[in-house]
Structure formats: structure tokens, C-alpha cells
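One structure below.
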Amino acid sequence: MINSKFLFDKVNEYYSKKAAERSFSAFLSEDELSNVKGYNEAKYAYKAAVYDKEKALYLGDEKTAAKKQAEAEELKKTLDKITSSIPEKKPVYECEICKDTGKTDNGYCKCFKDRLLTEAYGFLDVKRPTLKSFKEDTLSSVNKTELLKSKLIKYADEFSDGKKNLILFGPAGTGKSFYAQCVTERLEKNGFTPLFLTAFELNDIATGAFEKSPAEKIITDEILSTCDLLVIDDLGSEPIYNKITVENLLEIISRRTKENKPILITTNLTTEEILTKYGERVFSRITGKNTAILQLNGKDLRKQ
Ligand SMILES: [Zn+2]
């Protein structure tokens, strides 16, 4: 899960607000009851009867105690009747799983992680993408990508820290971005915090780093190095700035390697072109033994 105190605090703020709203609405229902005719009177009479019973017991007057006990029971019935006459207001939760607490018995709720992702994209100043899902894939049979698709589903469903990096090679229009989005969507559903960025966006983040404060840089690094999967879509489409692009990429890869967090890259480039464009260090890291390489040769999906 993305590990950034700043983002956690932001998300926790939301759940605290929800908790405050809940206790306020509980207060409202007591308020509503006291508006019902006879409720307050019965409430005080009940309290008094209970008090008198205790007092009688203390004084050893068992006869009065029994009488007060009977009175209290009657009043309790009246109170219950009034309470049940008010239609029960079922709280409306945005998340039924965790009842808007952000937590379940198994740890953080999916809604918490979802909010964490929204905060992360927001902090990076990137629009959160609307992801495609494997369900929307109608072309894999036509394009003979069934095998690739099943490999990707397996990757997402057996995902954990230390999973291999993935690189999807293939010409434009073969569905690389589509499949990368499907993997991201599936991981989100499975309770992970994957981040989908285009190479262009990632490059923008790196080049904009100069205007950021040290604290902002730390948060950016936390997001990029600890999100469960970092997708870099369409590597090679971004402008290459002197050193920044390559150094940034190297830094992200090595930080993520340290954190045991994988990367998924899609690219139109061939391996030779990656070598030429990004140099030996990037090349060896993203095509090394810890990377599974998948090739898409299919026909252009966009022309179908
Ligand atoms: Zn939830």
C-alpha cells in the first residue's frame, strides 16, 4: 500500500469527519424522541422509580421496592413503545463494508485504499484515469491475445510484493495500454494501490520537481516508490530532457527495487531502441531477469 503519512492523514481526516457526522445523527434521534408527547415525562418518571426502588432496598423496605420496581417496568414499556413508534433511521453509509470507518477486521478497507489513490493522483497533479477492465475485452479472441490476457489476469490475481516487473512490447494500437489498464483495475479491485501514469506524466512530475519544496519531493517519492504497482504507459512517447528523464527513471526503478515493488511498462520501442534512447543502465534494469517480457504482435485493435 502507498506508504505516505501525509496522504494517510488526509484520508483519515475524511473518516474522522464521517464519525463526527454519525455521532451527531445519534444525538438528533434522542432530540427527536424528546419532542414526542409523553416521552420526557415517562423518562423522568422511570428514572425516579428506579431511584426510589434503590432507596427502598437500601432502607430494607422490600414492599415499596417491589412496588417501585413494577412502576419502573411499566414506564420502561411506555418508553420502548414511544421509541419504536419513531421509524428507525438506518444510517446511509458510503461504504457498507466498513460502515465508513475505513477499516475492517482484515486491515484497511478497499474504500480507504481508493481514497488513498485519489489523494495520490491529486498530489501528483495527475488526473486519475478511468480504467478499462478485462470484461470489456472483446478483441482478444480476434487478435489471438487470449494467452496474453490469461497471463495478465494471473499476474493481477497472484499479485504480491516482490512480483516480477512486466514489460509489454508491441506496435501502436495492439492494446498494450488497454491491457495495462485492465491489470491496474484488477489490482484495485483486489485491494492493492497501483498507480497508472503515462510516461509523459511521469516525466512531467520529474521535470516539475525543481519547483517543489523538499517536503513535497519526499511525498512524491513516497508515492512513486511505494505504490503496489507503478504502471508507466507508453515509454518512449515522452520528450527526453537532458539527463532528467533517464536519471529519474533510474531512480524510480532502484527505489522500487529496494521496496520490492514491481513496475509495469508498455512501449512501442524495440529493445534496441530502449538501449539507444535510455542507455545501458535503464535497459539492463528493465529487461533484466526480474522482468517478464510479453510481446503483442496482434493486428491493430483500433482498426478493428
Ligand atoms: Zn470501506
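The values are calculated or read from the model by the stated rules, or taken from the named source; none is laboratory data. This one's a predicted model, so the numbers in the text were calculated from it and none came from an experiment. In this analysis, Cβ positions are derived from the backbone assuming ideal geometry, glycine residues included, and neighbour counts consider all displayed protein chains. When the accessible area is computed, the model is the full protein with side chains, heavy atoms only, and any ligands, DNA or RNA have been set aside. Shrake-Rupley method; radii C 1.70, N 1.55, O 1.52, S 1.80 Å.
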*Please give the helix 62-85 orientation as an angle from the longest Cα principal axis of the chain, in degrees from 0 to 90, rounded to the nearest 10.*
40
_Explain nothing, just compute: Karplus ³J(HN,Hα) = 6.51 cos²θ - 1.76 cosθ + 1.60, θ = phi - 60°, for every residue of the range 103-108 in order, whole Hz, x for Gly and Pro._
10, 10, 4, 9, x, 6
*asked:* If I build a Gaussian network model for the chain, linking alpha-carbon pairs within less than 10 angstrom, which residue out of Phe200, Phe112, Phe24 has the largest mean-square fluctuation?
replied: Phe24
*With unit charges on the beta carbon (Lys/Arg positive, Asp/Glu negative), name the residue among Ala70, Gly170, Thr130 whose Cα is farthest towards the positive pole of the charge dipole of the range 64-210.*
Ala70
*Applying 1/(1 + (r/R0)^6) with R0 = 41 Å to the Cβ-Cβ distance of Asn268 and Asn106, what FRET efficiency is obtained, to the nearest 0.05?*
0.50
*Under a 10 Å cutoff between Cα atoms, tell me which one of Asp221, Asp105, Asp61 has the largest fluctuation in the Gaussian network model of the chain.*
Asp61
_Pairwise label distance in nanometres, Lys164 with Asp221, each label 7 Å out on the Cα-Cβ vector_ = 3.1
*For the chain, with a Gaussian network of springs between Cα atoms less than 10 Å apart, report the residue from Glu96, Glu41, Glu216 with the top mean-square fluctuation.*
Glu41
_Between the range 260-286 and the range 91-126, the Cα center-to-center distance that results, in Å_ = 34
*Using only Cα atoms, what is the ratio of the radius of gyration of the chain to 2.2 N^0.38 Å?*
1.55
*For the chain, what is the accessible area per residue in Å² when the probe is 1.4 Å?*
58
*Stretched out fully, how many nm does the piece from Tyr51 to Ser150 gain, at 0.36 nm a residue minus the Cα gap?*
28.5 nm
_Please report the carbon-and-sulfur percent of the accessible area for the range 125-303; probe 1.4 Å, protein heavy atoms only, DNA, RNA and ligands left out._
53
*What's the extension gain from Asn290 to Asp31 if we count 0.36 nm per residue and subtract their Cα-Cα distance?*
87.0 nm
_Descending semi-axes in Å of the range 114-195, equivalent ellipsoid built from Cα gyration tensor_ = 23, 15, 12
*With each label point set 7 Å from Cα along the Cα-Cβ vector, what nm distance links Asn260 and Glu94?*
3.2
_Net charge around Ala199, counting only other residues with Cβ within less than 9 Å of its Cβ (Lys, Arg = +1; Asp, Glu = -1)?_
-4
*In the range 188-220, what trypsin sites (Lys or Arg not before Pro) fall in a loop by DSSP, with at most 16 other Cβ atoms inside 10 Å?*
Lys212
*Describe numerically, in nm with one decimal, the distance between label points set 7 Å from Cα along Cα→Cβ at Tyr44 and at Lys127.*
6.3
_Report, in listed order, any pair from Lys163/Lys289; Lys5/Lys164; Lys18/Lys110; Lys17/Lys212; Lys10/Lys110; Lys113/Lys151 with a Cα-Cα distance greater than 18 Å._
Lys5/Lys164; Lys17/Lys212; Lys113/Lys151
_Using the Kirkwood radius over C-alpha pairs as Rh, can you work out the diffusion coefficient of the range 125-303 via Stokes-Einstein at 25 °C, viscosity 0.890 mPa s, in µm² per second?_
148
*Among DSSP beta bridges whose residues both lie in the chain, state the antiparallel percentage, nearest 5.*
10
